[in-house]
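Peer 1: Below is a structure I'd like to ask you about.
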Amino acid sequence: MVLAPDLPGTGELGPGAFKGDSYIDSVSYNLWFSGMLTGRSIVGIQTGELIRLVKWLQQNYHGTEIYGLAKKQMAPVMLHAAAFDNSIQKLALLGPYISWRSIVCNERYDPAFLYSTVPGAIGVYDLPDLAASLAGKKLLLAGITDGKGHTDPIDIEKDLSVIRAAYKGETQHNLQILPFTSFEQMNGQLSNWLEK
């Protein structure tokens, strides 16, 4: 069974036609600022919805293993859901950006990543910390980018080392890091990963 939800702000529940003084590259910064002012990040809202769907799967399909797959800016939502809900046993993140630090440190970051950031969180934790907390679970990272959407190994490796340090010893076989060329070419690799 495959559950492919439209989380709030995505798909048919997409961002709509926001305009205004803080509308940059089709991204409404005012929406992000609203989340900051209300103390509810977009990531938090989407993660809550995703966990609710996981609970629904557990209630309706007992004994089913639950795997998570997320692309690009939805990767932080999936990381949070897996960190809060132990029933998600495997995670595949395709084309994720490596950290919020890499967004903060890049003046020309990709605005598409804005909604998947949590205001003020970087002083407490970052995405590599979340990924490291999942060391007991299987984690596939394919096509990691920096905050600009580039595959600069210098910027990426700094944050990736946090994840690698957590996935060592008995858990190192749970972490798989792959280069990425296209989503179509990932099909075979994803099939292999799911079977392991």
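The values are calculated or read from the model by the stated rules, or taken from the named source; none is laboratory data. Note that the structure is a prediction, hence the values are computed from the model and not measured. Don't worry about glycine lacking a Cβ; one is built from the backbone with ideal geometry, like all the others, and counts go over all protein chains shown. When the accessible area is computed, the model is the full protein with side chains, heavy atoms only, and any ligands, DNA or RNA have been set aside. Shrake-Rupley method; radii C 1.70, N 1.55, O 1.52, S 1.80 Å.
Peer 1: Name the one entry in S133, S99, S41, S87 that is open to solvent by less than 10 Å² (accessible area, probe 1.4 Å) and touching a helix residue (DSSP H, G or I) at 6+ places or on another chain (Cβ under 7 Å). Don't jump to the end; show me each part of the working.
Peer 2: Values: S133 fails: open to solvent by less than 10 Å² (accessible area, probe 1.4 Å); S41 fails: open to solvent by less than 10 Å² (accessible area, probe 1.4 Å); S87 fails: open to solvent by less than 10 Å² (accessible area, probe 1.4 Å).
Just one listed residue meets the conditions, S99.
Peer 1: A follow-up question, please. Which of (1) among the small types (G, A, S); (2) at pLDDT below 90; (3) in contact with a Lys or Arg (Cβ under 9 Å, 6 or more places away or on another chain) does S26 not meet, given it meets every other one?
Peer 2: Only one criterion is unmet by S26, namely (3).
Peer 1: Considering (1) open to solvent by 20 Å² or more (accessible area, probe 1.4 Å); (2) within 23 Å of L190 (Cα to Cα); (3) out of contact with any Phe, Trp or Tyr (no Cβ under 6 Å at 6 or more places or on another chain); (4) not hydroxyl-bearing (S, T, Y), say which one Q59 fails and leave the rest.
Peer 2: Result: Q59 passes all but (2).
Peer 1: Kindly establish whether R108 is open to solvent by 10 Å² or more (accessible area, probe 1.4 Å) and in contact with an Asp or Glu (Cβ under 6 Å, 6 or more places away or on another chain).
Peer 2: For R108, the condition - open to solvent by 10 Å² or more (accessible area, probe 1.4 Å) and in contact with an Asp or Glu (Cβ under 6 Å, 6 or more places away or on another chain) - is not met.
Peer 1: A further question follows. Could you run through the stretch 97-120 and say how many residues are within 17 Å of G143 (Cα to Cα) and polar (S, T, N, Q)?
Peer 2: The number of residues fulfilling the criteria is 2.
Peer 1: Something else about it: Kindly evaluate I156 against the criterion of being farther than 23 Å from D6 by Cβ, part of a helix (DSSP H, G or I), among the β-branched types (V, I, T) and in contact (Cβ under 8 Å) with a residue 24 or more places away in the chain. Working first, answer last.
Peer 2: On the way: farther than 23 Å from D6 by Cβ: yes; part of a helix (DSSP H, G or I): yes; among the β-branched types (V, I, T): yes; in contact (Cβ under 8 Å) with a residue 24 or more places away in the chain: yes.
For I156, the condition - farther than 23 Å from D6 by Cβ, part of a helix (DSSP H, G or I), among the β-branched types (V, I, T) and in contact (Cβ under 8 Å) with a residue 24 or more places away in the chain - is met.
Peer 1: Do any residues in the stretch 35-61 that are in contact (Cβ under 8 Å) with a residue 24 or more places away in the chain and under 18 Å from L127 (Cα atoms) have Cβ atoms under 6 Å from those of residues that are surrounded by 15 or more Cβ atoms within 10 Å (Cβ to Cβ) and of a type in the set (S, T, Y), where the two are at least six apart or on different chains, and which pairs are they?
Peer 2: I42/Y115; V43/S116
Peer 1: Across the stretch 177-196, what is the total count of residues that are modelled with pLDDT of 70 or more and open to solvent by less than 60 Å² (accessible area, probe 1.4 Å)?
Peer 2: 5
Peer 1: A follow-up question, please. Give the residues of the stretch 67-112 that are modelled with pLDDT under 90, of a type in the set (A, V, I, L, M, F, W, C) and either over 19 Å from T145 (Cβ atoms) or assigned to a helix (DSSP H, G or I) (or both), sorted by residue number.
Peer 2: Result: A112, single match.
Peer 1: Taking H150 as meeting all but one of (1) surrounded by fewer than 17 Cβ atoms within 10 Å (Cβ to Cβ); (2) more than 19 Å from S41 (Cα to Cα); (3) at pLDDT 90 or above, write down the number of the exception.
Peer 2: (3)
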